[in-house]
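Engineer: Quick one: the structure is below, questions incoming.
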Amino acid sequence: MDPEQLGLRFQRPFLAGRRLSAFPWAELEQKLKNSSDALLLLDILQKTILHPLCRKYPPSVKYRRCFISELIKKHESIATEPLDELYEVLAEILNKEESISCYKSYLLPTGDSVTLSEAVAIISQGTTGLVTWDAALYLAEWAIENSAIFRNRTVLELGSGIGLTGLALCKTCNPKAYIFSDFHHCVLEQLRENIHLNGFVLESETVNHTKMPSKDRRAEVMELQGPKITVAELDWNSVTEEQLSEIQADVIIAADVVYDPEISLSLVSVLQQLSTSKTDGKPPEIYIGFTVRNPDTYHLFQTELGKVGIGWQVVPTHMKNLFLYDLHSNITLLKLLV
Ligand SMILES: C[S@@+](CC[C@H](N)C(=O)[O-])C[C@H]1O[C@@H](n2cnc3c(N)ncnc32)[C@H](O)[C@@H]1O
């Protein structure tokens with residue numbers, strides 16, 4: 001494999017902040033043993049820590065520190081002379097302060113990328129919604145592979161979190177309109193920030209509090225070639241039938257929203273109400289992707305769907321693993337039959 005290729009295999013997981021143990025370290029070590037040429041390490045540096053996306057939107061300090069330390073270790077295991085560039089980068093990182101948030105960038109097959117500001121901790125501010133979960137990566141990848149389902153249609157996403165699936169879909173699948181939704185105020189705030197970070201303009205701040213956009217803003221919205229994007233504050237426990245009937249989505253999606261029995265019950269009720277609203281005489285297509293952590297929770301979700309007359313089929317796996325979700329996590333994508 002040429003050194004450029006190995007560099008690219010470090011780039012994608014590094015920018016997305018994936019687990020360091022999943023990086024091709026053994027291959028790097030082998031290559032370095034065969035030739036102690038520093039060019040390979042410099043290429044990896046350029047494609048990761050020195051990449052323009054990382055300079056502008058860096059992963060967490062701890063993550064970068066661990067990564068550069070691992071590169072130094074690999075280099076020192078085969079070379080006698082230290083490589084200055086590695087130590088310069090380490091020194092720069094050691095001077096940085098830890099923060100509770102960081103950036104992750106996900107490279108799209110179009111050559112574009114989605115960058116998100118995410119929390120460093122898996123649970124923060126009392127919510128799981130401030131990080132991107134594997135099911136969101138899986139659903140985004142599946143959507144990109146099946147973009148015809150979304151082209152020129154209105155898509156509603158439930159429990160969007162900070163927006164990975166929707167932003168990837170808006171950048172690659174040409175939906176007519178995309179409605180992100182969630183209920184947690186910190187998540188909604190972070191979601192809006194991420195939408196702006198990716199160059200999109202919001203149609204309005206929330207569906208519930210529609211503000212008339214300023215003249216400049218209207219011009220900006222009109223100039224925008226992409227989908228009409230909305231963020232809706234939508235709580236499955238309190239949303240009314242009337243609010244749901246106003247949405248009129250052609251396609252409904254959600255990622256990692258089946259993880260708690262109590263939440264499942266209100267989610268199913270929302271899905272049932274949404275499934276009865278018809279656009280152009282047709283019910284919406286509904287796709288729910290989730291990691292099966294506890295089979296009982298999964299079965300409860302299926303049972304509750306059955307009780308309200310919603311069937312389901314498992315959508316076959318695609319496994320291109322463009323976004324590097326953990327291949328050992330048990331992710332399922334259901335198409336609901338309404
Ligand atoms: C595990 S996170 C998944 C976030 C994102 N879809 C992903 O996969 O990365 C679950 C999301 O569901 C949202 N959620 C939980 N209960 C909700 C409710 N009652 N109404 C609306 N959203 C809810 C949370 O705020 C959170 O963003």
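The values are calculated or read from the model by the stated rules, or taken from the named source; none is laboratory data. Model, not experiment: these values are computed from the prediction. Reconstructed Cβ throughout: ideal geometry from the backbone, glycine too, with neighbour counts over all protein chains shown. Remember, those area values only see protein heavy atoms, side chains included, never the ligands or the DNA or RNA. Shrake-Rupley method; radii C 1.70, N 1.55, O 1.52, S 1.80 Å.
Engineer: On the protein heavy atoms, probe 1.4 angstrom, tell me the percent of accessible surface of the chain carried by carbon and sulfur.
Structural biologist: So the carbon and sulfur contribution to the accessible surface is 50 percent.
Engineer: Putting +1 on Lys and Arg Cβ atoms and -1 on Asp and Glu Cβ atoms, find which of VAL120, PHE183, GLY306 reaches farthest to the positive end of the dipole of the chain.
Structural biologist: GLY306
Engineer: Here is a further query. Can you compute the modelled spin-label distance between THR297 and LYS33, with each label point 7 Å from Cα toward Cβ, in nm?
Structural biologist: Modelled inter-label distance: 4.2 nm.
Engineer: Mind giving me the FRET efficiency for LEU197 and THR80? R0 is 30 Å, r the Cβ-Cβ distance, nearest 0.05 is fine. Intermediate values should be presented prior to the final figure.
Structural biologist: Working: r = 44 Å, r/R0 = 1.47.
The computed FRET efficiency comes out at 0.10.
Engineer: Rounded to the nearest 0.05, what FRET efficiency is calculated for LYS278 and LYS320 with R0 set to 56 Å and r the Cβ-Cβ distance?
Structural biologist: That pair, LYS278 with LYS320, gives E of 0.95.
Engineer: Would you please put 37-46, 313-322, 51-60 in order of how densely packed they are, using the mean number of other Cβ atoms within 10 angstrom per residue and starting with the highest?
Structural biologist: The packing order, highest mean first, is 37-46, 51-60, 313-322.
Engineer: Per residue, how large is the accessible surface of the chain? Use a 1.4 angstrom probe and give square angstrom.
Structural biologist: Computed with neighbouring chains in place, this is 48 Å² per residue.
Engineer: Show me, for the range 313-323, the HN-Hα J-couplings you get by feeding each phi into the Karplus relation (A = 6.51, B = -1.76, C = 1.60, θ = phi - 60°), rounded to Hz, glycine and proline as x.
Structural biologist: Ordered by residue, 3J(HN,Hα) equals 9, 7, 7, x, 5, 10, 6, 6, 6, 4, 9 Hz.
Engineer: Assign unit charges at the C-beta atoms only (+1 for Lys and Arg, -1 for Asp and Glu), then state the dipole size of the range 3-94 relative to its Cα centre in Debye, rounded to the nearest 20.
Structural biologist: My answer is approximately 620 debye.
Engineer: Using 28 Å as the Cα-Cα cut-off, could you pick out the over-long pairs in LYS47/LYS320; LYS56/LYS176; LYS228/LYS307; LYS33/LYS96?
Structural biologist: Result: LYS56/LYS176; LYS228/LYS307; LYS33/LYS96 exceed 28 Å.
Engineer: Can you grab the distance from the C-alpha centre of the range 44-60 to the C-alpha centre of the range 183-198, Å, no decimals?
Structural biologist: The range 44-60 and the range 183-198 have Cα centres separated by 23 Å.
Engineer: Taking H placed 1.01 Å from N in the peptide plane, check which residues at least 5 places from ALA177 or on another chain put their amide H under 5 Å from its amide H.
Structural biologist: Long-range HN contacts for ALA177: ARG153, THR154, VAL155, LYS228.
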